[in-house]
Amino acid sequence: MDREVLDVDVLVVGAGPAGLAAACRLMQLAGEAGQELNVCVVEKGSEVGAHILSGAILETRALDELFPDWKDLGAPVQTQVTHDEVYLFRDDQDSIKLPNAFVPRTMHNQGNYVISLGNFCRWLAEQAENLGVDIFPGFNAASLLLDDDNRVAGVVTGDMGVDAEGQAKSSFTPGMELRARYTLFAEGCRGHLGKELLTHYQLDKNSDPQHYGLGIKELWDIDPDKHHPGLVVHGAGWPLQEGTSGGSFLYHAEDNQVVVGLIVDLNYSNPYVSPFDEFQRMKHHPQFKQYLEGGKRVSYGARAITKGGFNSLPKMTFPGGLLLGCDAGTLDFSKIKGTHTAMKSGLLGAESVFSALTQTEEAPAELEDFTERFQASWLYEELFRSRNFGPALHRWGIVLGGAFNYLDQNWFRGRMPLTLRDTRPDYAQLQKASAVEPLTYPKPDGVISFDKLSSVYLSNTHHEEDQPCHLKLQDSELPLQKNWPEFAEPAQRYCPAGVYEVLEEAGKLSFQINAQNCVHCKTCDIKDPSQNITWVTPEAGGGPNYPNM
């Protein structure tokens, strides 16, 4: 079909910290050199920040490089960490507070800030627009544009006004072709175009499989007498059972608010695990309940995180562009932080792109000097030093793995002369349902713990209902023919939004997809044991609308 075409110098897909940092740095470089540059950012959320969810604790190293005067510019980075507490939870009542001396140094947060990453990205977008960047929220990058030389030439945005059967409605509007000299993909964890690029260019053929966690988070208003701005609490152990790893967190932000959450590593083996229900019962532990009791839950969300680290990093360059931030997997799992690393990848990408665009010779198809810049940066050094952190926990558990990480980080500074590998994909870890005991979870009390549907309501999730389902099954029969008898169909439990259900009517089972509930966490695309589900972008503007997550 005929599509409107927009040509730009640089196209950035995704208005998260990596993409916005890249856009800002490109315009800074252009301004310093007196060059004109057309930089465009497309964002699938209804506004910048609508789909952003993170803890979040910010290390300002990359921000200091991008905007040294960020305080004067009014960055929403105000609540400095005052206290660090790390607990080993033994059961639903008991816990042991670990002395700081025995906590891996990478988990110390002195000098860092408790922030809303959504509000931080909104601020970054304001800085980008002030520098001359064009930002288009509500535009989803639906497919890749490849030229005759197999080079990425841009993206096609999604069509609007298509019904559930794929037919044009009266409101139909075709998507646009956004063409660029270079396209930077910064979609976040498990970006659907990033996933296509990994396959198309075999970018991960020399890497360990990527590993993921599911982060579930709530924002609470609490009693001012219980609020301690800057207090940071991390935990490991209960409620997660043997064979399931991850960690809990509670951060005291500003305005008498706390964020509480749980990260469940998606390499868990028991198909009956429900990360959502693990999180809900976790909040009843006295260490969390003491702050939440008497408070009010105001928001909920969930997002997968890319945590494979150094060993799982793909090749980040390809003809016509770059993979940046969590689209590539730059999160430092040893710090449980990815904002500063994502931003640094964006800064390096911007410098590489600008150098290519302004050289006297023809701009190269592939930005090979990005790899040299990356390997010479503190980002590479940081990720290299934390390369064993995740594999140690996966191999030996939180006690022995934690002891290894303490030695590796505190004594060897991440330079222990060995590299642990973690070569089994997360989706291949599930045991058969017949080999394990089903798990039961307490019913929510509606005060501290809640059900899925009321939680999704607080994520402000909305999709146009009459549109094609964005959760694609390669084989529509497989959920009931294979996943149900072998794994008790885990999709109905690993999804934190109640998207997947197995229903029975008149003795006949059916597999139902409630796509309108989807909070875009991408867990189904990652954890499905048959790799039968592919997440693609729905109609632009759909999904959660997080206020300040």
Exercise for the section: Run the quick spin-label model on Leu73 and Asn130: label points 7 Å from Cα toward the beta carbon, then report their separation in nm to one decimal. Expected result: 0.7 nm
Exercise for the section: Using a/c under 1.5 as the rounded threshold, could you call region 84-160 rounded, prolate or oblate? The axes a ≥ b ≥ c are square roots of the C-alpha gyration tensor eigenvalues, and prolate needs a/b larger than b/c, oblate otherwise. Expected result: prolate
Exercise for the section: Using a 1.4 angstrom probe, figure out how much accessible area region 1-58 has per residue, in square angstrom, rounded to the nearest whole. Expected result: 35 Å²
Practice task
Assign one of three labels to region 342-466, namely rounded, prolate or oblate, based on the Cα gyration tensor with a ≥ b ≥ c the square roots of its eigenvalues; rounded applies when a/c is under 1.5, prolate when it is not and a/b is larger than b/c, and oblate otherwise.
Solution key: oblate
Handout entry: region 434-549: C-alpha gyration tensor shape, a/c 1.5 cut-off, then a/b vs b/c
Key = oblate
Fill in the blank from the handout: Restricting to Cα pairs under 8 Å and 6 or more apart, the percent relative contact order of region 100-234 works out to 14 percent
Exercise for the section: Identify all aspartates and glutamates with a Cα-Cα distance to Lys289 below 15 Å; exclude those on the same chain that are fewer than 8 residues away in sequence. Expected result: Asp91, Asp92, Asp94, Glu218, Asp221, Asp223, Asp225, Glu278, Asp445
Practice task
For Leu145, enumerate residues with amide H under 5 Å from its amide H, sequence gap 5+ or separate chain, H modeled in the peptide plane.
Solution key: Ala153, Gly154, Val155, Val156
Practice task
Express the Stokes-Einstein translational diffusion coefficient of region 194-238 in µm² s⁻¹, to the nearest whole number, given a Kirkwood radius over alpha-carbon pairs, 25 °C and a viscosity of 0.890 mPa s.
Solution key: 158 µm²/s
Problem - Relative packing of 514-522, 413-421, 366-374, which averages over residues the other C-beta atoms within 10 Å, highest first - result: 514-522, 366-374, 413-421
Practice task
Determine the gain in length on full extension of the stretch Asp64-Asn206; use 0.36 nm per residue of separation and subtract their C-alpha separation, reporting nm with one decimal.
Solution key: 47.8 nm
Practice task
Of the listed values (1) 28.3; (2) 25.6; (3) 35.9, grab the one calculated as mean projected area of the Cα convex hull in nm² from the structure here.
Solution key: (2)
Exercise for the section: Among the listed pairs Lys226/Lys335; Lys432/Lys472; Lys195/Lys482; Lys472/Lys508; Lys296/Lys432, give every one whose C-alpha distance is greater than 30 Å. Expected result: Lys296/Lys432
Handout entry: Simple label model, 7 Å out from Cα along Cβ direction - Thr173 to Met416, nm
Key = 5.5 nm
Problem - Between region 433-499 and region 259-324, the alpha-carbon center distance in angstrom - result: 16 Å
Fill in the blank from the handout: Subtracting the Cα-Cα distance of Gln431 and Lys296 from 0.36 nm times their residue separation yields 44.8 nm
Practice task
Tally up the carbon and sulfur contribution to the accessible surface of the chain as a whole percent, 1.4 Å probe, everything protein left in place.
Solution key: 48 percent
Practice task
Run the quick spin-label model on Val502 and Glu372: label points 7 Å from Cα toward the beta carbon, then report their separation in nm to one decimal.
Solution key: 5.6 nm
Exercise for the section: Calculate how many DSSP beta bridges within the chain are antiparallel, expressed in % of all such bridges and rounded to the nearest 5. Expected result: 70 percent
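The values are calculated or read from the model by the stated rules, or taken from the named source; none is laboratory data. The model shown is predicted, which means the values in this text are computed figures rather than measured ones. A quick note on method: Cβ atoms are made from the backbone with ideal geometry, for glycine too, and the neighbour counts reach across all protein chains shown. Ligands, DNA and RNA are excluded from the accessible area calculation, which covers all protein heavy atoms including side chains. Shrake-Rupley method; radii C 1.70, N 1.55, O 1.52, S 1.80 Å.
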